[in-house]
Amino acid sequence: MKKSTKKLWALGLSAAMAFSVTGCGNNGDNNNTTTTPAQTTANNNETTTAANQDETTTQEEEKYDFGGQTVRVWGNGFDQLLKEDEDLKYAEAKAKIEEKYNIVLEPITLDGYDGTNETQLLLSSVASGEPAADIVVLNVGSFLGCVMNNLLLDITEYKDEYKVGSAYLDAMTWNGKCYGISYDDVGSCWVMVYDRDYLKQIGMEKTPTEMFMEGKWDYENFKSYLADMKSKLPEGVYPIGAYPFHWATMAGAANGYPTLDSNGHLAYKDEPFIEAIQLYRDLQTTGLAAPAKPVVKDDGSTGYQFAYRYDDESIVLARAEQWEFGYISYDFGIVPYPWGSNVTCDGDYKTLSDNYKVAFTYWGGISVLDAAVQRTGIPGNILTKIAQDYQELINDKSWMHDAYEKEQNGEKDVIFSASPGAAGSFTTQEDIEINDWMHSRFEYDWGWGADSAELMSAWDCFRDIYGPGNDIRATLESYYNEAAAKMKDAGLSLN
């Protein structure tokens, strides 16, 4: 591999800004030599003018020469290269990457891919001695599956090279080892929403958002607020509805315990987590939460339906994902989940103890297959940089670097958001403030990913609790034991 540095001399002019770029190929200047089409050397002659000498700045751009090696890429962001009518930015990004590294970026399809079996297909290809892809985009479930099968390159020793906020590396870190970078707007978590106009109509003095911001969203205040609301609602309408898994992850984290953390700790035996699960059971039994409705499934067994969506008129407090905000037809407000006895609050919401967390449950990221280093002859840290450069060419990712700089400067409560302070679909400053705060208080909950990787049965566990009303502790213990056995079979362990 050959590596060179090209210097770009930015020349400021008094009337306008002009840029003179030197070092790209042989331009007739004897001081500028070319060794390969993809390798340039710095031009020793600095071009400048007397009028702008004090405005001259130097920017360095590294270029590499990997001899035209093919690098196979797969997943969202790379798939667009296979579509003829796709935005030209993908093709342009591909061309820039190929020029910078002297490689051929080859988007591939996984033969036999059904939307869920990428781990198995990648594993089979590596076992055959010919990895199907070198750089892959994975969701949290397939990521865990690949980690479980030792498919991914450990970049822990290189991660400081990429200068992104720690949250984007934590997303791809399992048991202390980092296997990639997430480029998602992490922290865009599930949240409870409500109709502001409807609350005014029924005579509620305060909104849930106001209660939260005042620091009055602990379990007792939360239940009292819902009871007051219930007294004002018509028959058949309930103050709150939730889907079992959503409640468990969000309420558990709000009381200090996500269902599963990145160190393999499953919270099913922890009292604060059990307290959060018990709360919704109490809401069901007291009529403050919409009841589960039994339904007969196609196989004749009994299932349960739960009211939880933002467009369900039988509930007031509902769940929404942030991408759904634009589809909500009413003037909505947002509120995070309540906290229990494991969390303290000495004033307004900004005094909540550090263990109050907002669970982030579904994300993706880019990883390099361990076998790709041998196949391509390209060092793993450079393959990861290729992936990073491509991502930053197709979409602005400067906010990831901004977060890194803030952390390096020792700032606390860094907001890991692509657009902090943005109004988006919000109509009040309070919602904007809460949304930013959530992006500084989130924690990854790996339960969804472990369920998807068939390492545990998180969705079934909480449906069994809130559907038929099974005993909470006995159900959690049963599913904990099942998860422990599955983890052991996969070579992993619960902590």
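The values are calculated or read from the model by the stated rules, or taken from the named source; none is laboratory data. From a predicted model like this one, the values you see are computed outputs, not experimental measurements. Note that we place each Cβ from the backbone using ideal geometry, even for glycine, and neighbour counts take in every protein chain shown. The protein model used for the area step is the full one, side chains on, heavy atoms only, and it has no ligands, DNA or RNA in it. Shrake-Rupley method; radii C 1.70, N 1.55, O 1.52, S 1.80 Å.
When the surface is traced with a 1.4 Å probe over the full set of protein chains, Glu482 keeps roughly 70 Å² accessible.
Within the accessible surface of the chain, defined with a 1.4 Å probe on protein heavy atoms only, the carbon and sulfur portion equals 45 percent. Could you give me D for the chain, from Stokes-Einstein at 20 °C and 1.002 mPa s, where the hydrodynamic radius is the Kirkwood radius over C-alpha pairs? Units µm² s⁻¹, please. After rounding, the answer is 84 µm²/s.
Using alpha carbons only, what's the Rg to Rh ratio of the range 246-395 with Rh from Kirkwood? Let's see the in-between values first.
On the way: Rg = 21.2 Å, Rh = 19.4 Å.
A ratio of 1.09.
Are any of the pairs Lys83/Lys385; Lys163/Lys406; Lys357/Lys412 more than 19 Å apart by Cα-Cα distance, and if so, which? Where the Cα-Cα span goes over 19 Å, the pairs concerned are Lys83/Lys385.
Beyond 19 Å, how much of the Cα-Cα pair distribution for the range 79-220 remains, as a whole percent?
Working: 6992 of 10011 pairs.
Summing the P(r) of the range 79-220 above 19 Å gives 70 percent of all pairs.
When you have a sec, figure out the Kirkwood radius of the range 196-277 from all distinct Cα pair distances and drop it here in Å to one decimal? Please list the in-between numbers first.
Values: mean 1/r = 0.0692 Å⁻¹.
One decimal place: 14.5 Å for the Kirkwood radius.
Counting only the Cα atoms, the range 141-299 fills a convex hull of 188 Å³ per residue. Semi-axis lengths, largest first, of the ellipsoid equivalent to the range 166-206 are 41, 9, 6 Å, with √(5λ) applied to each eigenvalue of the Cα gyration tensor.
Rolling a 1.4 Å probe over the protein heavy atoms leaves Lys200 with an accessible area of roughly 150 Å². Can you classify the range 270-314 as rounded, prolate or oblate using the Cα gyration tensor, where a ≥ b ≥ c are the square roots of its eigenvalues, rounded means a/c under 1.5, and otherwise it's prolate if a/b beats b/c and oblate if not? It comes out oblate by the Cα gyration axes.
Decide, for the range 352-466, between rounded, prolate and oblate: order the square roots of the alpha carbon gyration tensor eigenvalues as a ≥ b ≥ c, take rounded if a/c falls under 1.5, and otherwise choose prolate if a/b is larger than b/c, else oblate. Working shown, then result.
Working: a/c = 2.19, a/b = 1.16, b/c = 1.88.
Oblate is the answer for the range 352-466, as a/c is 1.5 or above yet b/c matches or exceeds a/b.
Net charge in the neighbourhood of Met487 (other residues with Cβ under 13 Å of its Cβ; Lys, Arg +1, Asp, Glu -1) is -2. Taking Asp451, Asp170 and ordering them by how much accessible surface each has at a 1.4 Å probe, largest first, produces Asp170, Asp451.
Projection of the Cα convex hull of the range 130-184, averaged over all directions and equal to a quarter of that hull's surface, yields 4.1 nm².
Taking every pair of distinct Cα atoms and averaging 1/r, then inverting, what Kirkwood hydrodynamic radius in Å comes out for the range 379-447?
Numbers: mean 1/r = 0.0704 Å⁻¹.
The Cα-based Kirkwood calculation yields 14.2 Å.
Taking Cα centre as origin and charging only the Cβ of basic (Lys, Arg, +1) and acidic (Asp, Glu, -1) residues, the dipole magnitude of the range 84-193 rounds to 440 debye. For the range 144-220 versus the range 258-285, the spacing of their alpha-carbon centroids is 17 Å.
When averaged across all projection directions, what area in nm² does the alpha-carbon convex hull of the range 332-387 cover?
On the way: hull surface 30.2 nm².
The directionally averaged projection comes out at 7.6 nm².
Could you size up the charge dipole of the range 70-127 around its Cα centre, putting +1 on the beta carbon of Lys and Arg and -1 on that of Asp and Glu, and report it in debye to the nearest 20? With Lys and Arg at +1 and Asp and Glu at -1, about 280 debye. For the range 449-495 versus the range 301-347, the spacing of their alpha-carbon centroids is 24 Å. Here the calculated FRET efficiency for Leu82 and Glu157, from their Cβ-Cβ distance with R0 = 25 Å, stands at 0.15, rounded to the nearest 0.05.
Normalise the Debye intensity by I(0) for the range 411-495, one equal point scatterer per Cα, no solvent, then take log10 at q = 0.12, 0.15, 0.23 Å⁻¹ and round to two decimals. With no solvent term, the Cα-only Debye profile gives -0.61, -0.75, -0.98.
With respect to the chain, whose longest principal axis is taken over its alpha-carbon atoms, helix 219-230 is tilted by about 70°. Computed log10 I(q)/I(0) for the range 159-250 at 0.12, 0.13, 0.24, 0.25 Å⁻¹: -0.59, -0.65, -1.29, -1.36, from the Debye equation with unit scatterers placed on every C-alpha and solvent omitted.
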